[in-house]
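Below is one structure, written out as C-alpha cells; the observations come after it.
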Amino acid sequence: MFTSRIFTGQQWLENKEISVTNGRISAISDGVGAASENFLVPGFIDLQIYGGGGILFSNHQTTEAIQATFDEHHKTGTVAFQITLNCSPASSMWKAVEAYSTYTGPGLVGLHLEGPFFNPVRRGAHQEAFVQKPSLAFLEELIERTKSIPTYLTIAPEMFSAKELSLLVGSHIMCSLGHSDATFEQAMNAIDKGVSRITHLFNAMSQWQSRALGLVGASFQSNAWTSIIADGLHCDFKSLELAYRLKKGRLFLITDAVTNDTSGPYSFLAKDGRFTNEAGVLSGSSLTMMEAIQNCVEQASIPLEEAIRMATVYPAEVANLPDLGSIEVGKRACFVELNPALEVAQVWYDGKALLN
C-alpha cells in the first residue's frame, strides 16, 4: 500500500510504502509512484466504549454486542477497543467475562468493568442499586474468573481496605481510579500503592478546590495515566487544553461512547448531541475517536501529533498492547488513512482494508 506520508506515532516519514506479511508490517521502504496528499497514522485504540449499532453491552453481554461495537466504530478509525460494562450485578459481570472469552471477531483487546466498587455519591448515571462494597471474597472471585483475559477495573479507592486494595493491585487486573469522592491523600495513597490510571478526568470525581485537591488534583500531581472525554460536554474544551498542558504525555483519549438501546437496565436517550439517562444525567457520549482527535486539534490547541498519540501510542501503553499503537516493522498492520481535513479515508486491520 502506498502513501506519501506516515506518522508512525513518533515521527513523520515521507513518501514511504508499507509491506505487510501475515497481518504484520514486514517492511517500510521508499515509495514508488504518484504521491498522495493523504497520510497514514496508527489505528485508534479506545479503552472505554459501551457498544454500537444499537446494542449496549451493559444490557446485552453477548458476542453480538461486541461485534456490533467493532462494526460501528472501525468506520471512524478505531481498530482496537476494551468493551465496557456499566456498574452491574455480579451475574452480568460473569456474563461479560463469558462473552469476552467466546468472542472470536476482530478488535477486542480487553474488558473494562466500570464498577461496581464505586462511591455512591459519585456514581453519575450508573445505577445505585448495582453499586457494591468490595470484599475479599468477591475480589478473589473476580480475579479468578478474569485471570485469562485482560481486565481493566475502575474503582473508588476510598471504599477499599488496605488489604482489599493490595489484593487487587497485586493481581493481573489493571486498576483505574474513578467514580470516587476520594480526598487528595486517599487518591495519592492508591497511586503510591500501584494504581497507575485514572478514569475520565473531571467527571464523577472529587474536584480540585483551593484547600482540597481531590482526585482531579491527584491526577495533576501524579504521573498516573489519565483518560479524558474530548467532546466539549463532559468537560469544556478549555479544561481539555489545561489538562493537556498539565498532563502532557500522560493524558489519553476515550470516547465513553454508548448507543441507542432502551432494552435493559441502562436506558440512555440521545438528544442534542448527548446521551442522558431518564433523570437527565449525562451518561456516555456519541463521540468517535476521530472526532476526539479533531476536537483536540481544533478546539484545544493540541498539536496534531500529540492528539494522535493520545488515541494510539498512549492507550497502547496504558493497556499493555505492544503490538499496536504505532507503525513499526513487526507490529500489527493496523492503521488509518486520513485526508488533510482529518477525515477517515480508509482503515486497515491486520493489513486488510475495511472501508469500501
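Summary of values
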item	result
Some residue of the range 29-43 being farther than 19 Å from Ala353 by Cβ, open to solvent by 50 Å² or more (accessible area, probe 1.4 Å), of a type in the set (Asp, Glu) and not in a loop (DSSP other than H, G, I, E, B)	yes
Selection count where residues are among the polar types (S, T, N, Q) and either farther than 25 Å from Cys175 by Cβ or surrounded by fewer than 24 Cβ atoms within 10 Å (Cβ to Cβ) (or both), scope the range 69-81	1
Qualifying positions in the range 308-336 - open to solvent by 40 Å² or more (accessible area, probe 1.4 Å), in contact with a Leu (Cβ under 7 Å, 6 or more places away or on another chain) and not basic (Lys, Arg)	none
Filter result for the condition that a residue is surrounded by fewer than 22 Cβ atoms within 10 Å (Cβ to Cβ), in contact with a Gly (Cβ under 9 Å, 6 or more places away or on another chain) and among the charged types (D, E, K, R), over Glu278, Glu343, Glu305, Glu291	Glu305
The range 82-106 - residue that is in contact with a helix residue (DSSP H, G or I) (Cβ under 7 Å, 6 or more places away or on another chain) and either outside any loop (DSSP other than H, G, I, E, B) or open to solvent by less than 10 Å² (accessible area, probe 1.4 Å) (or both) and, of those, nearest to Arg309 (Cα to Cα)	Ile83
Neighbours by Cβ (under 9 Å, 6+ apart or cross-chain): first from the range 258-273, exposed (fewer than 13 other Cβ atoms within 10 Å of the Cβ); second among the aromatic types (Phe, Trp, Tyr)	Thr262/Phe268
Residue in the range 230-247 that is of a type in the set (S, T, N, Q), assigned to a helix (DSSP H, G or I), open to solvent by 10 Å² or more (accessible area, probe 1.4 Å) and over 23 Å from Leu153 (Cβ atoms) present	yes
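So that you can scan it fast, the table gives a plain yes or no per residue for (1) farther than 18 Å from Leu47 by Cα; (2) of a type outside the set (Lys, Arg); (3) open to solvent by less than 10 Å² (accessible area, probe 1.4 Å); (4) at pLDDT below 95:
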site: Leu108; (1), (2), (3), (4): no, yes, no, no
site: Glu114; (1), (2), (3), (4): no, yes, yes, no
site: Gln127; (1), (2), (3), (4): yes, yes, no, yes
site: Ser135; (1), (2), (3), (4): yes, yes, no, no
site: Arg145; (1), (2), (3), (4): yes, no, no, no
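The values are calculated or read from the model by the stated rules, or taken from the named source; none is laboratory data. Please read these numbers as outputs of a predicted model, since none were measured by experiment. Positions of Cβ are generated from backbone atoms using ideal geometry, with glycine treated the same way; all protein chains shown enter the neighbour counts. Side chains included, ligands, DNA and RNA excluded: accessible areas come from the protein's heavy atoms. Shrake-Rupley method; radii C 1.70, N 1.55, O 1.52, S 1.80 Å.
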